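Asker: What follows is a single structure, and I will ask about it in a moment.
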Amino acid sequence: MSDPEVVEEDELPVDEWPTQLGRTPIGPPIGVHFSEDANRALIAVAEPWGQRRRSAVVRVAIRRLLANQAGLQAIVEERARNRATQPPCPDLMNMHLDKATANQLTHLARQLETKRGELVRIALDRFLVELAQLRLAGTPFDIETAINRESYNGEENRERMIRRRRLREAKRRATETD
């Protein structure tokens, strides 16, 4: 028999789900729907670090969007006009944002008269395009460091991640020379 005070996760709004995932301090999960293509691209980018790092990739994208809002109003308006032709967004991902970032994103959504989820989708789409352009141009973007910054905020964890990364790079170089 279940305790009457215990509420199942699927009975709560997504923002109120209890969680122990993610870095500390981090807020509750926020449900965001992505198109199948965007979700596959997100999985591909996060794959080297595991599925739990998808939130970190999205946070990197959101921080880049908040830092560079050039042309954002036009993108929001264009997407609103073309809403009927946009692919469906059936894939739900619970991502984690700290309160300050969530508040910035909510404020920006209100300012642009759109939804927070739409801004997250725009941020991810823009980030994936930028990442592809950088790769095609041969310009390195250190996505691993960006993801590690989002995932680990303690100096001890950061140092451990740096050591791991150096070992991986050394192994990669050793296999390239063989």
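Asker: Quick one: which residues, 5 or more positions from residue 97 or on another chain, have an amide H under 5 Å from its amide H? H modelled 1.01 Å from N in the peptide plane, none for Pro or chain starts.
Answerer: When sequence neighbours closer than 5 places are left aside, the close amide H contacts are 27, 30.
Asker: For segment 30-130, what is the largest minus smallest coordinate of the Cα atoms on each principal axis, given in angstrom and ordered from greatest to least?
Answerer: 34, 33, 24
Values quoted throughout were computed directly from the atomic coordinates according to the rules given, and no laboratory measurement underlies them. Keep in mind that what you see is a predicted model, and the values were worked out from it rather than measured.
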